[in-house]
1. If you check Thr19 against the conditions, is it β-branched (Val, Ile, Thr), over 24 Å from Val113 (Cα atoms), in contact with a Ser or Thr (Cβ under 7 Å, 6 or more places away or on another chain) and surrounded by 15 or more Cβ atoms within 10 Å (Cβ to Cβ)?
2. Could you list, in sequence order, all residues of the stretch 148-178 that are without any contact (Cβ under 8 Å) to a residue 40 or more places away in the chain and charged (D, E, K, R)?
3. Keeping to the stretch 76-130, report how many residues are out of contact with any Phe, Trp or Tyr (no Cβ under 8 Å at 6 or more places or on another chain) and hydrophobic (A, V, I, L, M, F, W, C).
4. Restricting attention to the stretch 28-48, which residues are part of a helix (DSSP H, G or I), under 13 Å from the mean Cα position of the chain (by Cα) and either modelled with pLDDT of 95 or more or of a type in the set (A, V, I, L, M) (or both)?
5. Are there helices (runs of 4 or more DSSP H) fully within the stretch 49-147 with at least 2 residues that are without any contact (Cβ under 8 Å) to a residue 60 or more places away in the chain, open to solvent by less than 40 Å² (accessible area, probe 1.4 Å) and under 30 Å from Tyr174 (Cβ atoms)? List them.
Amino acid sequence: MQQRGVTVWFTGLSGAGKTTISQGVEKELRSQGYQLEILDGDIVRQNLTKGLGFSKEDRDENIRRIGFVSHLLTRNGVIVLVSAIAPYREIREEVRHRIGDFVQVYVNAPLEVCEERDVKGLYKKARAGEIKNFTGIDDPYEAPLNPDIVCSTKDETEAESIAKVLQYLKDKGYITTA
């Protein structure tokens, strides 16, 4: 199957549903025979960007590195699903410009909903002062101004969000079925 590469970047607060939706999209695309890679922010931090902290400069460098790998894969015809908070607009736009074939998915959930879903206990630790520079608590999250797709996970089911992403990819010619 000849396919067109694209990076689908899922951005949003911790606990918004980025990984869940990207994994659902991955499952569907793999079942249809597409070549793809998934770059999850937590896994990338353990392997590719180990040693970077959570200052703005380190967060930007983290996103640049993920963007570089995404660019290489995308230009070689791979569908890349990135699940990373990427809290700052400017660096997201820099990466979008570098990659070209780029779809930004804003996984939108209110902070209070993300805190309720906090399976890792990170928000609780941030509120207690145990984690500094935590996005949404004491470090900003700059929501995208013009995302290609918005998945409102407070109001949509997982299946609805996944279907929305797949339909967009089909409409833009990246995949042939949704």
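The values are calculated or read from the model by the stated rules, or taken from the named source; none is laboratory data. This one's a predicted model, so the numbers in the text were calculated from it and none came from an experiment. Counting neighbours? That spans all protein chains shown, and the Cβs are built from the backbone with ideal geometry, glycine included. Keep in mind that these areas ignore ligands, DNA and RNA; they rest on the heavy atoms of the full protein, side chains included. Shrake-Rupley method; radii C 1.70, N 1.55, O 1.52, S 1.80 Å.
1. On the way: β-branched (Val, Ile, Thr): yes; over 24 Å from Val113 (Cα atoms): no; in contact with a Ser or Thr (Cβ under 7 Å, 6 or more places away or on another chain): yes; surrounded by 15 or more Cβ atoms within 10 Å (Cβ to Cβ): yes.
Taking the combined requirement at face value, the residue does not satisfy it.
2. From the stretch 148-178, those without any contact (Cβ under 8 Å) to a residue 40 or more places away in the chain are 155-157, 160, 163-164, 167, 170-171, 176, 178; that's our starting set.
Selection gives Asp155, Glu156, Glu160, Lys164, Lys170, Asp171.
3. Matching residues across the stretch 76-130 total 9.
4. Kept after step one, since they are part of a helix (DSSP H, G or I), are these residues of the stretch 28-48: 28-31, 41-47.
Keeping just the survivors that are under 13 Å from the mean Cα position of the chain (by Cα) gives 41-44.
Correct list: Ile43, Val44.
5. On the way: elements: 56-75, 89-99, 111-116, 122-127.
Those helices (runs of 4 or more DSSP H) span 56-75.
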